[in-house]
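Beneath this line is the structure, given in structure tokens, with notes to follow.
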Amino acid sequence: MLVLADVQPGAVDLDLGVVAEPFILLTPAESAVVTKKTVTEEKDSGHITPFTTLVSMEIIETGKSIAAAEQSVIVKWLSTNRIGHKVCGFRA
């Protein structure tokens, strides 16, 4: 099972600012700690990132465990340093 974040235009990315183009991020549900974040709350709202999306895609494509998929993504990234291009086609 996966947790999906459907990011729409107008959302604010902490690193890049206001989102212009919609996109989808994924994370394996077993590794997700998602809580609702409010202005007064200090806790992080969970981690759904480009890396967790790559790991999720590896799990979908190969059926690997989370740990094995993480290792596979790291090895692919280190060997090609271009793995991020695979996710570019995964748009909302």
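Across segment 75-92, which residue is modelled with the lowest pLDDT among those that are part of a helix (DSSP H, G or I) and either loosely packed, with under 10 Cβ neighbours inside 10 Å or over 14 Å from the mean Cα position of the chain (by Cα) (or both)?
Only one residue tops the list, namely H85.
Just for segment 1-13: of the residues that are out of contact with any helix residue (DSSP H, G or I) (no Cβ under 8 Å at 6 or more places or on another chain) and assigned to a loop (DSSP other than H, G, I, E, B), which one is surrounded by the most Cβ atoms within 10 Å (Cβ to Cβ)? Before you say what the answer is, go through the steps one by one.
Step one: of segment 1-13, the residues out of contact with any helix residue (DSSP H, G or I) (no Cβ under 8 Å at 6 or more places or on another chain) are 4-13.
Add one more test, that the residue is assigned to a loop (DSSP other than H, G, I, E, B), and what stays is 8-11.
Values: Q8: 10, P9: 11, G10: 9, A11: 13.
Among those residues, the one meeting the criterion is A11.
Considering only residues of segment 14-28 that are exposed (fewer than 10 other Cβ atoms within 10 Å of the Cβ) and not hydrophobic (A, V, I, L, M, F, W, C), which is farthest from S56 (Cα to Cα)?
Among those that are exposed (fewer than 10 other Cβ atoms within 10 Å of the Cβ) and not hydrophobic (A, V, I, L, M, F, W, C), it is G17.
The values are calculated or read from the model by the stated rules, or taken from the named source; none is laboratory data. Bear in mind the structure is a predicted one, so any value in this text is a computation, not a measurement. Note that we place each Cβ from the backbone using ideal geometry, even for glycine, and neighbour counts take in every protein chain shown.
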